């Protein structure tokens, strides 16, 4: 499944489970409902980070998960150290489970 479709399907699922129409969600987020329809149908690429964050707020869903589905990296987390980028490249293709991530978080939180 391509990223447009995965993201759009998730938005549609969240919107419907929230009991919102496309018009209602679009109005709350500040976009045109026809644009939202195209996103949900995988016709348009996922919107900007700002719009995704607004959607996540309205739909009460983790913004980082939606950004990940849209293949967007949060701008406030953009690593400025080569080591950080190297770390992300190293782990990106690994199949890490929740325990693996918990272990990484323990290490990251040590100071």
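Which residues, counting only those in segment 62-71, are surrounded by fewer than 17 Cβ atoms within 10 Å (Cβ to Cβ) and at negative phi? If the condition is that a residue be surrounded by fewer than 17 Cβ atoms within 10 Å (Cβ to Cβ) and at negative phi, then 62, 63, 64, 65, 68 are the ones that fit. Got at least one residue in segment 73-84 being surrounded by fewer than 15 Cβ atoms within 10 Å (Cβ to Cβ), outside any loop (DSSP other than H, G, I, E, B) and in contact with a helix residue (DSSP H, G or I) (Cβ under 8 Å, 6 or more places away or on another chain)? The answer is yes, given that some residue of segment 73-84 is surrounded by fewer than 15 Cβ atoms within 10 Å (Cβ to Cβ), outside any loop (DSSP other than H, G, I, E, B) and in contact with a helix residue (DSSP H, G or I) (Cβ under 8 Å, 6 or more places away or on another chain).
Residues that are assigned to a loop (DSSP other than H, G, I, E, B) and either at pLDDT 95 or above or buried (at least 17 other Cβ atoms within 10 Å of the Cβ) (or both) were ranked within segment 42-54; the one that is farthest from the chain's Cα centre (by Cα) is 42. Of the residues making up segment 1-41, just one is buried (at least 16 other Cβ atoms within 10 Å of the Cβ), under 15 Å from residue 65 (Cα atoms) and out of contact with any helix residue (DSSP H, G or I) (no Cβ under 6 Å at 6 or more places or on another chain), namely 4.
The values are calculated or read from the model by the stated rules, or taken from the named source; none is laboratory data. The shown structure was predicted, so the numbers you read here are calculated from the model rather than taken from an experiment. As a convention, Cβ positions derive from the backbone with ideal geometry for all residues, glycine included, and neighbour counts pool all protein chains shown.
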